[in-house]
Amino acid sequence: MNNKKTSPWAWVPTLYFAEGLPYVAVMTVSLVLYKQLGLSNAEITFYTSWLYLPWVIKPLWSPFVDIIRTKRWWVITMQLLIGAALGGVAFTIPTSFWLQGTLCFFWLMAFASATHDIAADGFYMLGLDEHDQAWFVGIRSTFYRIATIFGQGLLVALAGNLQVLFRYSIPYSWSLMFYGVAGIFIALWLWHSYAMPRVETTPSPFTTDTISLTPHPSNLTKELLDVVKTFFSKFPLRETVIALLFMLLYRMPEGLLAKVSALFLIDSHGAGGLGLSPQEYGLVQGTVGIVGLTLGGILGGMAAGRDGLKRWLWPMVCAITLPDIVYVYMSYALPESLGVVNVCVFFEQFGYGFGFTAYMLYLIYYSQGAYKTSHYALCTALMALSMMIPGLFAGALQEWVGYRWFFIIVMLFCAVTFIVTALIKIDPEFGKKKSKE
């Protein structure tokens, strides 16, 4: 039966909510969970940074999502698997093997989520015509952001409220919360099994701007090698090396800061942190911070769309680096006012959102030409790697030097962002709004 006429409103918003929620659970909620369960900052950042790996290597198996079964099948199957992984996390939290168990299920969730991303984005292009794709691009982004707020805002706050309700039984409270999220995902799985249209009859080859292949393994290998070869030969060798360094190092300060800043907010005063409760953390990082990040991203997109990336490149570099100094301030002042903390986090996240626009546009710029979709997937893999590598040792560095010196070191590493930006070349017309003749 073909449900092609199913309204996109029935499945696009929930599909991208389902895409965002497991990513937040793996990358952010896990930090608060492990901190409350007693792991050190070094252990937390090391273990959770490895969870970036599925997004780093997902281009390796993305072709198989195109040639094995349909994208609808992959979406629904991965949602069921994510729901099972969430239930596995919930089940293992109160056990004696909680660390091994939760990490195992977080790994499963990460791989399923990365695969779900591939299938969901592909299905979006198949299930909608060009007009609807353009119309719903803002809707999908909005519901992805809602999932982010729901995950690191409401769910963390819910875990804190459950701790109060159950007399601060931390494992039991987190277990209940994850069981609830597992239930949400099972509901999403059931809904999408019914509401997503059936627009594919057989596995289709890649579209013309990705890998043109047939399901034969020899063709797959040949095309994959061609994609990799053309990715590294877009520009002369020197420019290609500089471009790769930009992709890996532009976000180095953020790669160090991302996980430790969250731990700083919830760490005790005695350890040099702000001592926020889960409820306060949910408000600061999961609500106010996400609003700042979103507004910064919107403004960055508008600015680059009007005047081009090259015109706004340096303002964006300053925006993504200089606001990091708010953490230097907070580590010294240790403000007790939640309002001050909210303002600081909003300012830093707004700057990050504005400055991150330059990075994402450069990935699009580098991906232009043949195989642009596959090349963009490789660029996003390098993006995940750029966050994974600094995160592996960020916690150990913080424990060695303390929060204050750690945030100062982050500011010093901002020089790396400036250096790699100064070396890249960008067409002045890229991203600029074309005037009507």
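The values are calculated or read from the model by the stated rules, or taken from the named source; none is laboratory data. In this text, all values refer to a predicted model and were calculated from it rather than measured experimentally. Glycine gets a Cβ as well: all are built from the backbone with ideal geometry, and neighbour counts include every protein chain shown. For accessibility, only protein heavy atoms count, side chains too; no ligands or nucleic acids. Shrake-Rupley method; radii C 1.70, N 1.55, O 1.52, S 1.80 Å.
Quick look at the values:
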item	result
Whole-number percent relative contact order across the chain, with pairs defined as alpha carbons under 8 Å at least 6 apart	25 percent
Helical segments meeting 30 Å axial Cα length and Kyte-Doolittle 0.0 threshold in the chain (DSSP H)	71-92, 98-127, 170-195, 338-367, 372-423
Value of [θ]222 nm, deg cm²/dmol, for the chain, DSSP H segments ≥ 4, -39500 (n - 2.57) each, nearest 500	-25000 deg cm²/dmol
Top positive-direction residue, dipole computed over the chain with Cβ charges, set Val284, Gly160, Thr14	Thr14
Counted charge near Ile409, where neighbours are those whose Cβ lies closer than 14 Å (Asp, Glu -1; Lys, Arg +1)	-2
Ala396 versus Trp314: modelled label distance in nm, points set 7 Å from Cα along the beta carbon direction	3.8 nm
Inter-site label distance for Val241 and Leu53 at 7 Å from Cα along Cβ, in nm	3.0 nm
The chain - charge dipole about Cα centre, Lys and Arg +1 at Cβ, Asp and Glu -1, debye rounded to 20	560 debye
Positive-end residue of Phe46, Leu299, Tyr352, charge dipole of the chain with Cβ unit charges	Leu299
Option label - P(r) over Cα pairs in 20 Å bins from 0, in percent computed here, alternatives (1) 21, 38, 28, 13, 1; (2) 24, 59, 17, 0; (3) 23, 47, 23, 6, 0	(2)
For the chain: accessible area per residue (Å², 1.4 Å)	44 Å²
Residues Arg167 and Leu334, FRET efficiency given R0 of 41 Å [Cβ-Cβ distance, rounded to 0.05]	0.90
Sum of side-chain charges, Leu334 neighbourhood, beta-carbon under 15 Å (Lys, Arg +1; Asp, Glu -1)	-2
Over 19 Å (Cα to Cα) - which of Lys71/Lys222; Lys229/Lys372; Lys58/Lys372; Lys35/Lys259; Lys234/Lys425 fall in this group	Lys71/Lys222
Spin-label pair Leu295/Thr142, simplified geometry with 7 Å Cα→Cβ offset, distance in nm	1.8 nm
